[in-house]
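Presented below is the structure to which this report refers.
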Amino acid sequence: MLDPVTFALIVAGGVIVIGFLANYFFERTGFPDMMFLIVLGILIGPVTGLINTSSIISLAPYLAALALVFILFDGGMAMNIYRVFAESPRATVLAVVGFALNVSVTSLFMMYIVVPGTPPLYSVFFLGQFLEAAAASQ
């Protein structure tokens with residue numbers, strides 16, 4: 001049996017080839033290539049049982065890292081740096097206002113509805129920031 005890293009690279013190579021074929025299929029028919037890959041993964045894994053999901057769960061960190069590399073590389077290649085600089089002020093204002101509103105609403109909700117009579121306001125704001133950070137990371 002192959003070691004997990006070699007097997008992960010072989011599987012990733014196969015997925016990349018299938019992805020290129022799915023992209024070609026998308027260009028010809030207009031059917032989304034991502035849907036094709038999702039359906040293919042479901043068919044290969046749980047439906048037909050060709051690949052035992054419990055045996056490849058150890059490969060998940062390697063495949064996730066490889067997928068992240070490809071996604072970020074593709075995003076970087078398609079990014080227009082001048083547009084990023086032009087849109088940065090608006091994006092910053094949107095992020096700050098969204099964060100402030102979420103923290104305020106969460107804090108007020110916690111203070112008056114969930115835990116009425118919470119002593120200091122700063123403890124509720126801390127909880128609001130904590131919940132906002134957890135929600136933003138998802």
Could you work out the mean projected area of the convex hull around the alpha carbons of the chain, in square nanometres to one decimal?
13.9 nm²
DSSP H segments from the chain that extend 15 Å or more along their own axis, Cα-based, with Kyte-Doolittle mean of -0.5 or above
4-29, 60-78, 81-109, 121-136
Cα-projected label distance for Glu27 with Ala91, points at 7 Å along beta-carbon direction, nm
2.8 nm
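Quick note: the coordinates plus some simple rules give every number you see, no bench work behind them. Just so it is clear, the model here is predicted, and its values are computed rather than measured. Glycine gets a Cβ as well: all are built from the backbone with ideal geometry, and neighbour counts include every protein chain shown.
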